[in-house]
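Have a look at the structure below before the remarks.
Bear in mind these aren't lab numbers, they're just calculated from the coordinates by the rules spelled out. This one's a predicted model, so the numbers in the text were calculated from it and none came from an experiment. For neighbour counting, all protein chains shown are included, and Cβ atoms are generated from backbone atoms with ideal geometry for every residue, glycine included.
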Amino acid sequence: MKILRTVEELNKLTNLENYKSSSIGFVPTMGALHQGHSSLITKSKSENQIVICSIFVNPTQFNKPEDLENYPRTEEKDITILEDLGCDYLFMPSIDEIYDNYIFPEIDLKELELVMEGKFRPGHFKGVCQVVYRLFDLIKPTKAYFGLKDFQQVAVIKFMTKHFLFPIEIIACQTIREESGLAMSSRNLRLSEAEKKDSLIIFNTLQFIKENLENFDSIKTLKDKAINYFHKGNLTLEYLEIVDQNTLTQSNEKVKKNLVVCIAAYCNKIRLIDNMILS
Ligand code: PAF
């Protein structure tokens, strides 16, 4: 695997005739790779001639400085994982390479920015859009792969790709879970074994909702019961929303089609998110 650290090195690659005529699968990450990321690389390898991964802990998408500071960084291990998976290129730029002297186009994300992650992490999706725009513009992939654990992020990226007319197919890939049900996340590295056990209340609540979808006559009652269920555990709930999968807005009380439940919660200082498609 070839490691590229500058835009100049990357441009040299993307200007090659062989690159331009190949299908390019791109997996953007912030490092601290786990099996969720590995599954994206593997899928990308099965569908493209060239696979390129990026590792860049993007400062503009963190709305709390301590969260950025504490974000796990495991560079050497990440490189080994990518080499073992047969990734062709790794782009690992500095902050200056991405942000210096670059003017980002504005985008109005509308409702997507006002609900759930957008509401509780102001500016987060603007930061995600900036870095993904820049990476798409530089790497020019055929397909880009994202995990559905960040359900709202996938919706935002699809919206942005369409808005700026990038000729890129966005591939949304299933959440990979530990055997216990806990969704794989780079942030899990910061959880103790006891905290991991406590965090299972998220998955259990998602399942409670899925199993009880038909047992309550309104979404509001189901949501209230699910919040009570969640509070039996030790985590602090930030939000639990049952929304339409496409609009991410609260669904009609009686309509139980096309729903997803999304949860964000704190296990002590560590913020975790997860979701489950209901119907
Ligand atoms: O999902 C992530 O790891 C990040 O939000 C992404 C898409 C790599 C942008 O920094």
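Values for this structure:
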| read-out | value |
| --- | --- |
| For the range 97-140, alpha-carbon Rg and Dmax in angstrom | 11.7, 32 |
| Span-like helix ranges in the chain, DSSP H, alpha carbon extent 24 angstrom or more, Kyte mean at least -1.0 | 193-212 |
| The range 1-157, dipole about Cα centre (Lys/Arg Cβ +1, Asp/Glu Cβ -1), debye to the nearest 20 | 400 debye |
| Estimated translational D of the chain in µm²/s (Stokes, Kirkwood radius over Cα pairs; 37 °C; 0.692 mPa s) | 166 µm²/s |
| Relative contact order computed over the chain (Cα-Cα under 8 Å; 6+ residues apart), in percent | 17 percent |
| Other-chain or far-sequence residues with amide H under 5 Å of THR249's (modelled H) | ASP244 |
| For peptides 139-151, 208-220, sequence by mean Cβ density within 10 Å, most packed first | 139-151, 208-220 |
| DSSP bridge pairs, the range 1-95: antiparallel proportion in percent, nearest 5 | 0 percent |
| GNM top mover of GLU106, GLU169, GLU195 - the chain, alpha-carbon springs below 10 Å | GLU106 |
| Candidates TYR102, TYR71, TYR89, ranked by Gaussian network fluctuation over the chain, Cα under 10 Å, top entry | TYR102 |
| Set of lysines near LYS77 by C-alpha distance (under 29 Å), chain-local residues within fewer than 8 positions excluded | LYS2, LYS12, LYS43, LYS45, LYS64, LYS140, LYS143, LYS149, LYS196, LYS197, LYS269 |
| DSSP beta bridge pairing in the chain, given as percent antiparallel to the nearest 5 | 50 percent |
